Amino acid sequence: MSAEATNPATPGPVAPAAPRRRSRPRIDLRRLGRAALLGPASRGRLPDAIGHVVEAHRAHHPDADLEPLRRAYVLAESSHRGQMRKSGEPYITHPLAVTLILAELGAETTTLTASLLHDTVEDTDVTLDQVGEEFGEEVRYLVDGVTKLEKVDYGAAAEPETFRKMLVATGNDVRVMSIKLADRLHNMRTLGVMRPEKQARIAKVTRDVLIPLAERLGVQALKTELEDLVFAILHPEEYEHTRELIVDNASRPDDALAEFADAMRTVLRDADIQAEVLIRPRHFVSVHRVSRKRGRLRGCDFGRLLVLVNEDADCYAVLGELHTCMTPVVSEFKDFIAVPKFNLYQSLHTAVAREDGQVAEVLIRTHQMHKVAEAGVVALGNPYAPPSEEQGGEGGQAEGGTADGERVDPTRPGWLSRLLDWQEAAPDPDTFWSTLREDLAQDREITVFRPDGGALGLPEGATCVDAAYAQYGEDAHACIGARVNGRLATLSTVLRDGDTVQLLMGQDPASEPSREWLDHAHTPAARIAIQRWLAAHPGTEGPAAASDAGASADTADTGGDTDADETEAAGAAQGISVRPVSEGPAPRPDAALTVVDRPGASVRLAGCCTPVPSDEVIGFAVRGGVVTVHRVECAAVSRMMNAGRAQVDVRWGDTTECRVTLVAESFGRPHLLADLTEAMALEGAEIVSATVEPPSQQRVRHTYTLQLPDAAHLPTLMRAMRNVPGVYDVSRAQHHAPTS
């Protein structure tokens, strides 16, 4: 890491640190430097130089074994001895400061040990093998993960390839990135000695890569301070203006937030709710954002109120009291406890107003939620140790670390898995670097669901194209359509949080992605896969119409007697290809049906009941002289009669080919759709259209319109469908259709 530091006296635009949980003064780097120069302490005695680290560590892990920290410090101090930072301080002050940052966040002993050693392999004669022999494989892996690649070997690609290496290492152990974030924070704190252009370069990388990673890993304490430091370097004039706003507000005699806090304490005390009400000042970037949004700032705009309680239920009790006894701003309410954010964050957000128009934002959370909100993955301790191996209170997952969604496995969140997947397909360092920044700029995520009950995590703004490549990888080239919440949708459709997406896949091995899909691809995985295919097939544009294949297919004309879902032609379901149709479902009158008293009249088979030869049928005259034919038991028949439609006598002709709509009821399971469509294909049925509704209570309803060569095969087909595991009923469609 070997970033150069500045003398604290050196002038430079350095923002103040983010608020800390404890009022411990910042470490005295010069004093620690002098302590480090005194050399290692006697065996078994903790060196004075790591006293601050030990104090912070014991606050979170009172029973931790401190011997690894002592040995790590001795090795780091002796190996870095003689190395100096640009500020003139001994280099050992840097790993000490980085380790203190992590200790205050609650990192466990293994992380702190690796943090003390994180620059030894990069900047000294210590080898990774020596680290492994002395401290074990976990520490060796963490140190290796944060060790930079040499420019002499990689040239201009050294920085992007170093980040790629760290991200891959983070995929196996998130503690790698925790150390990197703390390392960058200390380097940013001490960046003033650098040339302005180098400060700007480092600040931009911090803004584009490190801050989004801190956000995604939930380490808000590091993220907010990094934001302020970057703000001060890249936007010094706006930073100075914001600083003046904060200073002016602090000098005002009235303190609206303090008055709100006192009122809340009274409300909660009267309700006998044990709660701590704190004022949480906004950091510089937050104040700047609020000022740009609201214009003139008032007292309550400079901070928020934080209410800390002991149990989840108390959070809702506090919310109820505040909304009952104060004036709530209902539009500001958000429940991140019931629906946590993807980065471990949990809280209730609300706002209350008073008569003069001042509005105070309120955060309500438990003490444990607050710890996780500040420290993110660092608060998990050692997330890889089984709960039964909690050693000294530092081995297991933090409470609340096993909620739904991507928080099921906080050690490998969904966004990280997707990032690691697409980076493998981006071997070029420039492509990786630019795509990484673009990916990390997408700071909000949504969750969409598959018909089989699975879920996909996607960035906000993702489309059906992105969902296809997220689910199928490069096999998504064969995607020919999609249904969103049960309705046919174009592949360009932007998905919303909570949508259910069914992707319709063709079986043609020569399937090609459309170049137009690039306009709709929002995720790196989708764009890279499409670009790779296009690059491998120069001069091939791909099927331009494929981008909207699912929605542009012609629909069967049923004369208005069919449910809307029945008239939409769909693409192929998994396991069999399906052709959309452009002609109406009725054969010629002399081929299938004879109209007794209206020879030559046009005949349509009603889509609501899709009669087949041998069914008892009845006809009705509708608009344009057309005769629509229903099964006599169809629910639409009585309505047609009540509406005064003229009945027409119809009879089946000699043709046995037919079209029929079947409804299959099943329990949800993987590969059910493929098995069901395969069973239909084996019976000679051609799927004209298909609808699969979103699962409800583990049950799925499938509707298929099929073309059969012989109506006599219908019972055999229905029996074959019922024999598919998971299918418990197959019946002829009986829709409640409107009359024409």
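Determine which member of the set T661, T677 is modelled with pLDDT of 80 or more, of a type in the set (S, T, N, Q) and not in a strand (DSSP E or B). Criteria check complete, one pass: T677. One residue stands out among those in segment 638-656 that are touching a strand residue (DSSP E or B) at 6+ places or on another chain (Cβ under 7 Å), closer than 24 Å to P715 by Cα and not aromatic (F, W, Y): the one that is surrounded by the fewest Cβ atoms within 10 Å (Cβ to Cβ), which is R651. Taken over segment 702-717, the criterion of being surrounded by fewer than 18 Cβ atoms within 10 Å (Cβ to Cβ) and part of a helix (DSSP H, G or I) is satisfied by A712, H713, P715, T716. May I ask you to say which residue of A169, A107, A103 is at pLDDT 85 or above and not assigned by TED's automatic domain parsing to the domain that holds H57? The match here is A169. For segment 600-627, a tally of residues being among the charged types (D, E, K, R), assigned to a helix (DSSP H, G or I) and without any contact (Cβ under 8 Å) to a residue 24 or more places away in the chain returns 0. Listed conditions (1) under 21 Å from T705 (Cβ atoms); (2) at pLDDT 80 or above are all met by V622, apart from (2). Selection of segment 129-167 for residues being within 18 Å of L181 (Cβ to Cβ), assigned to a helix (DSSP H, G or I) and basic (K, R) yields R164, K165. Considering each residue of segment 196-212 in turn, none proves to be touching a residue at least 60 places away in the same chain (Cβ under 8 Å), assigned to a helix (DSSP H, G or I) and within 17 Å of I101 (Cβ to Cβ).
Name the single residue, out of those in segment 455-490 being under 19 Å from F342 (Cα atoms) and of a type in the set (A, V, I, L, M, F, W, C), that is surrounded by the fewest Cβ atoms within 10 Å (Cβ to Cβ). Here the answer is A455. For beta carbons closer than 9 Å, sequence separation of 6+ or different chains, a first residue in segment 706-728 that is outside the structural domain of G684 (by TED's automatic domain parsing) and a second that is modelled with pLDDT under 85, there are no qualifying pairs. Select from segment 628-658 the residues that are assigned to a strand (DSSP E or B) and out of contact with any Phe, Trp or Tyr (no Cβ under 7 Å at 6 or more places or on another chain) and list them in ascending order. Selection gives V629, H630, R631, V650, R651, W652, C658. The residues in segment 244-279 that are free of Cβ contacts under 8 Å to residues at least 12 places away in the same chain and closer than 14 Å to D314 by Cα can be counted, and the count is 2.
A single member of K198, K180, K165 is within 27 Å of the chain's Cα centre (by Cα) and more than 18 Å from L116 (Cα to Cα), and it is K165.
Of all residues in segment 315-359, those that are among the charged types (D, E, K, R) and under 28 Å from the mean Cα position of the chain (by Cα) total 4. Condition first: in contact (Cβ under 8 Å) with a residue 40 or more places away in the chain, part of a helix (DSSP H, G or I), buried (at least 19 other Cβ atoms within 10 Å of the Cβ) and of a type in the set (D, E, K, R). Can you find one or more residues in segment 72-91 that meet it? Yes, because at least one residue in segment 72-91 is in contact (Cβ under 8 Å) with a residue 40 or more places away in the chain, part of a helix (DSSP H, G or I), buried (at least 19 other Cβ atoms within 10 Å of the Cβ) and of a type in the set (D, E, K, R). Among residues of segment 515-533 that are β-branched (V, I, T), those with a beta-carbon under 7 Å from a residue that is in a loop (DSSP other than H, G, I, E, B) at least six positions away or on a different chain give the pairs T523/A462; I528/A425; I528/A426; I530/P513; I530/A521.
The values are calculated or read from the model by the stated rules, or taken from the named source; none is laboratory data. Small disclaimer: the values here were computed from a predicted structure and weren't measured. Cβ: placed from backbone, ideal geometry, glycine included. Neighbour counts: every protein chain shown.
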